[in-house]
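Colleague: Sharing a structure with you now.
The values are calculated or read from the model by the stated rules, or taken from the named source; none is laboratory data. Please read all numbers here as calculations on a predicted model, not as lab measurements. No Cβ is skipped: glycine too gets one built from the backbone with ideal geometry, and neighbour counts run over all protein chains shown.
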Amino acid sequence: MKKHNKRTNEKKVLQFWTGGADSTYLLLQNLRCQYNVTCVYVSILNNRQKCDREAAARAKLKEDVKIFCKYFVCPEPQYYPDSSIAIYGESFTDCPMPQQIMFAMFSLLIGNDFEEIQMGVVLGDSMRGVHFNEAIVDAYKESTFHPFPPITYHPIEDVSKEAIYLTLKGYDDVLGTDFIGHLTCCEQVEEPCGEKKKCHPCLKQAEVFHNLKWDK
């Protein structure tokens, strides 16, 4: 395989990475830009099964990322130990879930001089219409960090799920990786959906696969 020439870019980015399609796509795009990326995962204490599935996915994906970085001659990301929080409320609209996740990420910023914080939200994502509580974020910024890095909630907001899966499949075809097979998306609290899709992410993935005429 012919390797790409290395470019230099010292931008330091803190990215939330679950092991799902969107955040994995965002991670690879950041790495191709030669950013200095640190990945963080926030473990939801009242959904341990989901967190365990995502941890298993990330463990496999890290090996794919190594292959990717070697091919594109980019620095491998750093990985913070997981943070843990409990989420209160039943939906994005009824509870400050995004803020709680972001605050857990904020706690990792001290002394690390990150230039940007990122979470991947794409076309059709359930979080796309959710607004973060700016007053709380501003208070957090004023009391903790000077200066505070910009928060990019949706750096890939114009990318479709289909485009993401096609891009990941392209990497698999070229690099011999298995990004598609190692991803996780299920948000069921107990047993994963399996063939009978129940949760929104699994239903969305099934829709994408149908649109692309793929069989999982």
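Colleague: Can you list residue pairs whose Cβ atoms sit under 9 Å apart, with the first residue in segment 62-79 being surrounded by 14 or more Cβ atoms within 10 Å (Cβ to Cβ) and the second being among the β-branched types (Val, Ile, Thr) and assigned to a helix (DSSP H, G or I)? Count only pairs 6 or more apart in sequence or on different chains.
Modeller: Taking only residues 6 or more apart or on different chains, the pairs are Asp64/Thr24; Val65/Thr24; Tyr71/Val174; Pro77/Val65.
Colleague: Look through segment 14-49, keep the residues that are among the polar types (S, T, N, Q) and surrounded by 20 or more Cβ atoms within 10 Å (Cβ to Cβ), and return whichever of them is farthest from Asp82 (Cα to Cα).
Modeller: Among those that are among the polar types (S, T, N, Q) and surrounded by 20 or more Cβ atoms within 10 Å (Cβ to Cβ), it is Asn30.
Yes/no matrix, rows are residues, columns are (1) more than 15 Å from the chain's Cα centre (by Cα); (2) polar (S, T, N, Q); (3) farther than 19 Å from Lys169 by Cα:
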{"residue": "Gln15", "(1), (2), (3)": "no, yes, yes"}
{"residue": "Ser23", "(1), (2), (3)": "no, yes, no"}
{"residue": "Gln29", "(1), (2), (3)": "no, yes, no"}
{"residue": "Tyr41", "(1), (2), (3)": "no, no, yes"}
{"residue": "Leu45", "(1), (2), (3)": "yes, no, yes"}
{"residue": "Gln49", "(1), (2), (3)": "yes, yes, yes"}
{"residue": "Ala57", "(1), (2), (3)": "no, no, no"}
{"residue": "Ile67", "(1), (2), (3)": "yes, no, no"}
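Colleague: Residues of segment 172-186 being surrounded by 18 or more Cβ atoms within 10 Å (Cβ to Cβ) and outside any helix (DSSP H, G or I), which ones?
Modeller: Thr177, Leu183, Thr184, Cys185, Cys186
Colleague: Every residue in segment 54-100 that is under 17 Å from Glu187 (Cβ atoms), part of a helix (DSSP H, G or I) and modelled with pLDDT under 60, please.
Modeller: Scanning segment 54-100 gives Met97, Pro98, Gln100.
Colleague: Take the residues in segment 188-205 that are crowded, with 16+ Cβ neighbours inside 10 Å and either assigned to a helix (DSSP H, G or I) or touching a His at 6+ places or on another chain (Cβ under 7 Å) (or both), then tell me which one is modelled with the lowest pLDDT.
Modeller: That would be Pro201.
Colleague: Give me a count of the residues in segment 182-204 that are closer than 22 Å to Leu26 by Cβ and either in contact (Cβ under 8 Å) with a residue 24 or more places away in the chain or touching a helix residue (DSSP H, G or I) at 6+ places or on another chain (Cβ under 8 Å) (or both).
Modeller: 9
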